[in-house]
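Asks: Structure incoming, see below.
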Amino acid sequence: MHSAAPRSRRTFATSATSAMPAWTRVAAASLAVLACAFGTLTPSAASAAPLIVAHRGGTGDSPENTVQAFTNALQNGAQALWMTVQVTRDGVPVMYRPADLSALTDGRGKLADVDYADVSKLNAGYTFSRKAADGQTVYPYRDHPLPIPTLREALAAVPANVPVLLDMKQTPAAPLVEAVIKVLDETNAWSRVRLYSTEAEATDRMRARRAQAQLFESRDATRNRLVAAALAGQCATPPAPGTWAGIEFHRQVEVVERFTLGEGVSKVVANWWTPAAVQCFKSRGDVHLVAFGVETAQDFEAASQLGFDAVMTDSPARLRAAIANQGQSAAK
């Protein structure tokens, strides 16, 4: 392991489960049911708590969106995996989130401007750091590099009964959508993957191109319903039965008031998932809710009481430990 010593980066031109902890056994039983139909990603009767989704494979535990992250997340008790996909210049969908390769790897430039042959040489764990016992920052993967996996490799590395929530994270959306379609067609993976994007262009195009695509509703639709419920007490347009909706459990938002001589801005952490909001979302029937950014036992319990189907966390290991500790404290 190394300290925070500067290292050179590659620069690219922009031209042309066998041994499981006891607490995972109920989850494994639930996943056996999920193998039949991903559209029913809901807690089983044996486990009413929300399922735990590892955000980017558990970005707090391992270098994000790597095969190692996905494997570790399942070992740490995750029951579903959130993956982030972009497409290379030559059309290969790979698991990567930031806009620039320098954010996580030893490369530079936008991933969309680099061919897969060059992307495949990068270290996906280059910037991943931990604090050593002496307080120093160390980079454990600089001498043990991890590749950026392709979407095809990621799907092959994960058991078929583990649901995958795939975040399409790139604009323009068309090249990415077409590349994802090709892989899901060729791997027959449509039933195990549900697609999300903050860009409505991506989900709209996917919906138009493949009728069998399982999609979250747009983030705009989810946010607009929550704001209407919180500020106006309205539930005018609850989602249709079968809808999937996901957004942060708590979210820093700005309320902007415009007036003649300017505008005023109020910043607030929105605790917008109230019982009334959840009731609104579920008022027309079978609607599935995923809470993003659940990192504490208290938020997990709150999401469970509200009736969420799943929660997404950066660290399945820490969340599972916190839940276990809370349970032990309550038993005393």
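Asks: Residues Ala103, Ala99: which one is surrounded by fewer than 24 Cβ atoms within 10 Å (Cβ to Cβ), farther than 15 Å from Arg152 by Cα and modelled with pLDDT of 95 or more?
Replies: Ala103
Asks: Could you please find all residues in region 277-313 being open to solvent by less than 50 Å² (accessible area, probe 1.4 Å) and either over 15 Å from Gly246 (Cα atoms) or part of a helix (DSSP H, G or I) (or both)?
Replies: Correct list: Ala277, Val278, Cys280, Phe281, Gly285, Ala297, Asp299, Phe300, Ala302, Ala303, Ser304, Leu306.
Asks: Looking at region 137-162, I want the residues that are closer than 15 Å to Thr59 by Cα and have a partner that is of a type in the set (S, T, N, Q) and not in a loop (DSSP other than H, G, I, E, B) with Cβ atoms under 8 Å, at least 6 apart or on another chain. Which pairs are those?
Replies: Leu146/Gln68
Asks: Tell me which residues, restricted to region 72-107, are β-branched (Val, Ile, Thr) and either part of a strand (DSSP E or B) or closer than 22 Å to Val180 by Cα (or both).
Replies: Within region 72-107, Thr84, Val85, Val87, Thr88, Val92, Val94 qualify.
Asks: Given Ala112, Ala133, which one is among the aliphatic types (A, V, I, L, M), surrounded by fewer than 17 Cβ atoms within 10 Å (Cβ to Cβ), out of contact with any Pro (no Cβ under 7 Å at 6 or more places or on another chain) and at pLDDT below 95?
Replies: Ala133
Asks: If I ask for residues that are charged (D, E, K, R), closer than 20 Å to Gly246 by Cβ and touching a Gly at 6+ places or on another chain (Cβ under 9 Å), which ones from region 178-211 would you list?
Replies: Once the filter is applied, which keeps residues that are charged (D, E, K, R), closer than 20 Å to Gly246 by Cβ and touching a Gly at 6+ places or on another chain (Cβ under 9 Å), region 178-211 yields only Arg194.
Asks: Identify, by number, the condition in (1) modelled with pLDDT of 95 or more; (2) in a strand (DSSP E or B); (3) more than 21 Å from His55 (Cα to Cα); (4) touching a strand residue (DSSP E or B) at 6+ places or on another chain (Cβ under 7 Å) that Arg207 doesn't meet.
Replies: The one condition Arg207 does not meet is (2).
Asks: Another question about this same structure. Among the listed residues Glu217, Glu199, Glu254, Glu263, which satisfies the condition of being open to solvent by 70 Å² or more (accessible area, probe 1.4 Å), within 22 Å of the chain's Cα centre (by Cα) and on the phi < 0 side of the Ramachandran plot?
Replies: Among Glu217, Glu199, Glu254, Glu263, only Glu199 is open to solvent by 70 Å² or more (accessible area, probe 1.4 Å), within 22 Å of the chain's Cα centre (by Cα) and on the phi < 0 side of the Ramachandran plot.
Asks: Looking at region 138-145, can you tell me whether even one residue there is more than 22 Å from Ala208 (Cβ to Cβ) and either of a type in the set (Gly, Ala, Ser) or modelled with pLDDT under 95 (or both)?
Replies: no
Asks: Give the residues of region 162-183 that are over 23 Å from Phe292 (Cβ atoms), crowded, with 17+ Cβ neighbours inside 10 Å and not β-branched (Val, Ile, Thr), sorted by residue number.
Replies: If the condition is that a residue be over 23 Å from Phe292 (Cβ atoms), crowded, with 17+ Cβ neighbours inside 10 Å and not β-branched (Val, Ile, Thr), then Pro175, Ala179 are the ones that fit.
Asks: Okay, moving on. What pairs come out if I take residues in region 49-66 that are on the phi > 0 side of the Ramachandran plot and pair them with residues that are among the charged types (D, E, K, R) whose C-beta lies under 7 Å away, six or more apart or interchain?
Replies: Filtered contacts from region 49-66: Arg56/Glu64; Arg56/Arg97; Gly57/Glu64; Gly58/Asp314; Asn65/Arg56; Asn65/Arg97.
Asks: Is it fair to say Val255 is more than 27 Å from Asp61 (Cβ to Cβ), part of a strand (DSSP E or B), at pLDDT below 95 and not small (Gly, Ala, Ser)?
Replies: yes
Asks: Which condition from (1) modelled with pLDDT under 95; (2) among the aromatic types (Phe, Trp, Tyr); (3) not in a helix (DSSP H, G or I) is the one that Trp23 breaks?
Replies: (3) is the only condition that Trp23 fails.
Asks: Could you figure out which of (1) open to solvent by less than 70 Å² (accessible area, probe 1.4 Å); (2) charged (D, E, K, R); (3) not in a helix (DSSP H, G or I) isn't true of Asp143?
Replies: Going through the list (1) open to solvent by less than 70 Å² (accessible area, probe 1.4 Å); (2) charged (D, E, K, R); (3) not in a helix (DSSP H, G or I), Asp143 breaks only (1).
Asks: Let me ask something additional. Take Gln298 and decide whether it is under 24 Å from the mean Cα position of the chain (by Cα) and polar (S, T, N, Q).
Replies: Yes: the conditions hold for Gln298.
Asks: Among the residues of region 258-276, which ones are outside any helix (DSSP H, G or I), more than 13 Å from Phe308 (Cα to Cα) and either touching a helix residue (DSSP H, G or I) at 6+ places or on another chain (Cβ under 8 Å) or among the hydrophobic types (A, V, I, L, M, F, W, C) (or both)?
Replies: Phe259, Leu261, Val265, Val268, Val269, Ala270, Trp272
The values are calculated or read from the model by the stated rules, or taken from the named source; none is laboratory data. All values derive from a computational prediction rather than experimental measurement. Neighbour counts are summed over all protein chains in view; Cβ atoms, including those assigned to glycine, are modelled from backbone coordinates with ideal geometry. Heads up: the accessible areas ignore ligands, DNA and RNA and are worked out on the full protein's heavy atoms, side chains in. Shrake-Rupley method; radii C 1.70, N 1.55, O 1.52, S 1.80 Å.
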